[in-house]
Amino acid sequence: MTEVVADWRPLAAVLVSVLAVAFIVASYRRPNVREFWSVLAALVKFGLVISMLPGVMDGREYRWSLGMVPGLTDEFVFGIEFALRADQLGMLFAVLASFLWIFTAFYCAGYMRGLGEPNQTRFFAAFAASLSTALGIAFAENLIVMFLFYELLSIVTYPLVAHDETDEARTAGRKYLAYTFFGGGFLVLGGTVLTYWLTGLADPADVEGVEAGESTATVEFGEIADPLWATFEAASAPELLFALTFGMLALGFGTKAAIMPLHSWLPDAMVAPTPVSGLLHAVAVVKSGAFGVSRVVLDVFEPELTAQLNMHIALAGLAAFSFLMASFIALRKDNLKRRLAYSTASQLSYIIMGVALLVPAGVAGGLLHIPAHAFMKLTLFFCAGAIHVETHTDDISEMAGIGKRMPLTMSAFAIAAAGMAGIPLIAGFVSKFYMLVGSIQMTGDAAIGEPTAAGFIFATALIISGIMNVAYFWPVVYTAFFESEDAHDAKPLVEFPVGGVRHSYDVLDEPTEEAHTDGGEPVDDGAHTDGVEKVADGGNSVDDSHDEDHGQHEEHDHDDHHHHGGAPPGGWRRTSPREESTWLMLMPITVIVIGAVLLGIVPGNLAFLDLVVEIAETATGGEVAI
């Protein structure tokens, strides 16, 4: 029996970075102080979250409601309470996001200073606000509260997507809002309203804990499934309406998870600075979408009703289609960040498919892929950002031999890429192995038994996708470590006709005229003049007369630091790992890739595996058997 404990910590964990926003804005003229507040808020947030983990693992849930504030009542609207609850599934997301934000805060400082980005105060303030809304989604007790934070997350991350303020950035920002705020939000709201109506049709006598004459309408997680099931069995509403409700909620949250065909906002959002890409792809935004779909399957309809409606087959099929198509499209992309973007769309669909299998091993694998993917993908984006800051190189076809210029960065990239492909001893292998076993164990009624054709199809799709992961990541690693700048091979997976730069030979002799950076603008090779610094990321100029407001990147005596992109004349200069970039960028890359390896070698010693196994067994009523 779950013990619910009244506690202020769920609210405090949400609000700590809101408070940090005020301090960040107030410290706009003192960048060291401003970034100190960001790091401090991350540490405090993680401390609050991790302090609840032992109790949650022991079966307790920590709950805060509006009624705990003197003079206020719990009711928010239509008898629905405004409440936050730290349960096991919410803690999985909250622990992950709060932990990774610590290192992302350091990385942001190194990246933004390295490129002399404008509007850094706005950037750090929006970044902090986005983590507050992400934790609000994690701890939301019901669909209404989750919807509010879901929409707020789109709003506070818009300034990050449109940070460069170029036409391309603004267009990407508007597209991001159109998909996630209006499109996804409309679907989630519509599904929530239908859920409330359908649960209200149930006979109180058929719902445990509801007295005669009381309303059965609810949107609280863990309480929705009983009245929904009662309404379904009594045929009080058409079965099609239940399927519609499930579809609206799943697709609404799936929009942020970039499930196809609702994915196109994600590659376009790569115009944002790389730390934002990491936030979008690994920590908060897309994970909130995958988390939302998991809530719908496990805590709204629950596995039994989901299977009765056969929506698990439809959802898993859509996810399998998404990760295969996204992997194929990734093969065509020469720009590293866009290749990683389609990789993200692919990997997130693994999570959705794993949960949709409705068997304990599959659910555990899907949920475990949330932290596994986060550690690996954040490493990959951090590496792409370090390459951009230090060499202004964004296209794979221009990276021949770059491994000797950035050995630690590219080694971390290679390790994370191997994990994404499911290579053993890295996090991705463990989660994908659970999903593969779950696919084989899948049966028509979602109980462990003889495998079905659907299970074999999903298992085959997983294996094919893993091979495609190797196909689109290996050229990056091979180009960096096994080719030279002046004579590297044309690679069919990158070259014409399937995409990329047609001409990849003679990088040293025939450099491209323009190198497009994160902001999509040509890099001005000019030096600093009269207090005005040309910004590589987005092409904006920034008044640098207040030196403290923007900070300065540690100067490196490398003759390739200010060129347009690709190898400089004479080739890459060989450097040691400690010289290739600043510690503000190298430390987060190193720590996070080590985390990805630990998740692959000793997953049982980390809280994530125990947490997902407990969630999967509770939700499905079975045991995670491998």
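From Thr379, Thr344, Thr393, which residue is part of a loop (DSSP other than H, G, I, E, B) and in contact with a helix residue (DSSP H, G or I) (Cβ under 8 Å, 6 or more places away or on another chain)? Before you say what the answer is, go through the steps one by one.
Values: Thr379 fails: part of a loop (DSSP other than H, G, I, E, B); Thr344 fails: part of a loop (DSSP other than H, G, I, E, B).
Being part of a loop (DSSP other than H, G, I, E, B) and in contact with a helix residue (DSSP H, G or I) (Cβ under 8 Å, 6 or more places away or on another chain) holds for just one of Thr379, Thr344, Thr393, which is Thr393.
Here is a yes/no grid of residues against (1) without any contact (Cβ under 8 Å) to a residue 40 or more places away in the chain; (2) not aromatic (Phe, Trp, Tyr):
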{"site": "Glu3", "(1), (2)": "no, yes"}
{"site": "Ala13", "(1), (2)": "no, yes"}
{"site": "Pro54", "(1), (2)": "yes, yes"}
{"site": "Arg63", "(1), (2)": "no, yes"}
{"site": "Met68", "(1), (2)": "no, yes"}
{"site": "Phe93", "(1), (2)": "no, no"}
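Scan the range 197-211 for residues that are open to solvent by 70 Å² or more (accessible area, probe 1.4 Å) and either at pLDDT 95 or above or over 15 Å from Ala225 (Cβ atoms) (or both) and jot them down. Even if it seems obvious, please write down each step before you answer.
Initially, the range 197-211 is screened for residues open to solvent by 70 Å² or more (accessible area, probe 1.4 Å), giving 197, 203, 205-206, 208-209, 211.
If the condition is that a residue be open to solvent by 70 Å² or more (accessible area, probe 1.4 Å) and either at pLDDT 95 or above or over 15 Å from Ala225 (Cβ atoms) (or both), then Trp197, Asp203, Ala205, Glu211 are the ones that fit.
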**Fill in**
Taking the range 564-603 and the residues there that are part of a loop (DSSP other than H, G, I, E, B) and under 16 Å from Gly385 (Cα atoms), the one that is modelled with the lowest pLDDT would be His564
**Evaluation of His388 against (1) modelled with pLDDT under 90; (2) open to solvent by less than 20 Å² (accessible area, probe 1.4 Å); (3) not charged (D, E, K, R) (one fails), failing number** = (1)
**Asked** Restricting to the range 284-316, what's the tally of residues that are part of a helix (DSSP H, G or I) and open to solvent by less than 30 Å² (accessible area, probe 1.4 Å)?
**Response** 22
**Prompt:** Restricting attention to the range 587-612, and to residues there that are more than 21 Å from the chain's Cα centre (by Cα) and among the aliphatic types (A, V, I, L, M), which single residue is most open to solvent (accessible area, probe 1.4 Å)?
**Reply:** Ile601
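Quick one: would you say Gly621 is at pLDDT 60 or above, within 28 Å of the chain's Cα centre (by Cα) and not hydrophobic (A, V, I, L, M, F, W, C)?
Working: at pLDDT 60 or above: yes; within 28 Å of the chain's Cα centre (by Cα): no; not hydrophobic (A, V, I, L, M, F, W, C): yes.
The answer is no for Gly621.
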**Request:** Could you give me the residue pairs with C-beta distances under 7 Å whose first residue belongs to the range 291-307 and is free of Cβ contacts under 8 Å to residues at least 60 places away in the same chain and within 13 Å of Glu223 (Cβ to Cβ), whose second residue is open to solvent by 10 Å² or more (accessible area, probe 1.4 Å) and hydroxyl-bearing (Ser, Thr, Tyr) wherever it lies, and which are 6+ apart or on separate chains?
**Result:** none
**Item:** In the range 317-338, the residues that are farther than 25 Å from Ala454 by Cβ and either open to solvent by less than 10 Å² (accessible area, probe 1.4 Å) or not in a helix (DSSP H, G or I) (or both)
**Value:** Ala330, Leu331, Arg332, Lys333, Asp334, Asn335, Leu336
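For the range 66-84, state whether one or more residues are part of a helix (DSSP H, G or I) and crowded, with 20+ Cβ neighbours inside 10 Å.
Step one: list which residues in the range 66-84 are part of a helix (DSSP H, G or I), which gives 66-68.
Filter again for crowded, with 20+ Cβ neighbours inside 10 Å, leaving none.
For the range 66-84, residues part of a helix (DSSP H, G or I) and crowded, with 20+ Cβ neighbours inside 10 Å: absent.
The values are calculated or read from the model by the stated rules, or taken from the named source; none is laboratory data. These numbers come from a predicted model, not from an experiment. Reconstructed Cβ throughout: ideal geometry from the backbone, glycine too, with neighbour counts over all protein chains shown. Keep in mind that these areas ignore ligands, DNA and RNA; they rest on the heavy atoms of the full protein, side chains included. Shrake-Rupley method; radii C 1.70, N 1.55, O 1.52, S 1.80 Å.
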